[in-house]
Every structure is written in C-alpha cells, then in structure tokens.
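J.: My questions will all concern the structure given below.
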C-alpha cells in the first residue's frame, strides 16, 4: 500500500523499530551477532545518530527531508529514474563495505544536464542464483532512485540510453527505469525512495523459461521478481549490512536540487548536534 503522507510513513516504520528493539533485548537472539556498536546504533537512543542501520535515525531524518522538499520550488514535469547495475550487487558478507560515492558520481555523469534529488538504498535477495554454477547465495543490491524536475522523457531516455544497455540487476531487464511522477504523488514517491530496507526479493523465470534454463537453452523472456516482508531476524541482518552507511551520505542531488540536498544535510547534522549537546548538558557532572 503506497505511503501517501509522512504520518503513513512513520506509522509503518515505527513498529519495525520497536520490533528490532525487542529483538535486540532478547538475550537468546544474540547469536545473530547483534551487540556493541551495532546495538547502540540500532537501539532506542539511536535517534541521536544518522546511521542507515537505525530505524529511529530514519524516523528523525525523513521528516527533515520532507519539510525542505515541501517548501522548495519544484518546476516542470517530474520523473523517477531508477538505476540498478549488476556491478553493485554484493555478497551479503561483504555488502557492508559498499560506499555510495562511486555510484553517485556515475549517476551525476549520466544525468549531468538534469536537476534531481536521489537516494541510494539496499535490497536483500536471500536466494540469488548465479548463472555460472546455479548455486544460491544471499546478496545485497545497491541501487538508486532519483526524482528529476524540469526534464522531458525524451531527454532522459536519450541521456540514459548507454547506461540502460549495461548489465542490470535482473538479466534481460534494463538497468534504467524511467517513470512519470504526477505532482500530487510527489510526496508518495519521495517516501518510497526514503523507505528502509524491509522487503526481501526473489528473482524467478516464467514456467516456460525455467524449463528452458534447466535444459541449457536461452530463455525467451526476462527475469521477474517477487517480494515479501522480512522477518525481524532478517531486518536485523540488513541493519548489520548497513551499519557503516549514513543517511546523510546516501542522499544526493544535482543541478537545482544540489543546494536543497546540502541544506537538508546541514539541517540534519545541526539538529543532531544540538540534541547531543542538550543531552550532554543534562548529564550530572
């Protein structure tokens, strides 16, 4: 169900944060490796940070983003452009080493003539099948969604044509997806790209193509994917993957939106610093 308002977003995400808190509090759950710095990032006091591993931090950061975007002057047609390159698919065990800047730089080069605000997110695939040996392995796909303002579909298609032909997350599917955003649905789409990683995805072939793949033949269609909500243990695993990522570094912009993103980041960091200072001042000396 689409998240149409900030209240909808918080109503969906806050219960997930509470589930994670309760999970961490249960001693028998420690086998997943939750503890120390990670537990501090994810736990109740973690609204005093900008870690992407923390749902509390996200609930602090997203309202700041929405407040600034709602007061910005956004002109012209709007499009959401998604980039999902296979080279940013990483094994779960090493996915925490991802740094967003190379992907952001690549997108800035592709969309250098366009104004946009974007966010990079992680998607969890527990049953990824490699085409080389057919084995299953959990992977994390880092991909970006940007919302452009003032660009036409024609220019976006032209400027992303080369990138669209690169190897994508799903074989046979374009690495770039362009969809128009109605102005009345801008809030909904912004909340969509700011959402935490709480779904798991499974790629699959159609029944006919599955048989063709098993016979060693080339499939005629494209890989599709299904999704379902993660169990709490998987939510915690994804928090672990994102433990070194920061929300203020996963958001990025270009053109007319670049100053807006800078203002958002400065506001978030400044508000956080003031919170921490007040917290420090209240401590007994």
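The values are calculated or read from the model by the stated rules, or taken from the named source; none is laboratory data. The model shown is predicted, which means the values in this text are computed figures rather than measured ones. With ideal geometry, Cβ positions are generated from the backbone for all residues, glycine too; neighbour counts draw on all protein chains shown.
J.: Quick one: which of 69, 65 is crowded, with 22+ Cβ neighbours inside 10 Å, assigned to a helix (DSSP H, G or I) and at pLDDT 85 or above?
T.: 65
J.: Please state which of the following conditions residue 104 fails to meet, knowing it meets all the rest: (1) modelled with pLDDT under 90; (2) buried (at least 16 other Cβ atoms within 10 Å of the Cβ); (3) part of a helix (DSSP H, G or I).
T.: That leaves (1) as the condition not met.
J.: Of the conditions (1) out of contact with any strand residue (DSSP E or B) (no Cβ under 6 Å at 6 or more places or on another chain); (2) farther than 19 Å from residue 196 by Cα; (3) surrounded by 13 or more Cβ atoms within 10 Å (Cβ to Cβ), residue 237 clears all except one; give me its number.
T.: Only one criterion is unmet by residue 237, namely (2).
J.: In this structure, does residue 114 turn out to be modelled with pLDDT of 95 or more, buried (at least 18 other Cβ atoms within 10 Å of the Cβ) and over 17 Å from the mean Cα position of the chain (by Cα)?
T.: Yes.
J.: On to the next question. Which members of segment 21-55 meet the condition of being within 30 Å of residue 185 (Cα to Cα), more than 16 Å from the chain's Cα centre (by Cα) and at pLDDT 55 or above?
T.: Selection gives 49 alone.
J.: Another question, then. If a residue has to be in contact with a helix residue (DSSP H, G or I) (Cβ under 9 Å, 6 or more places away or on another chain), in a loop (DSSP other than H, G, I, E, B) and at pLDDT below 85 to count, how many in segment 184-241 make the cut?
T.: Qualifying residue count for the region: 8.
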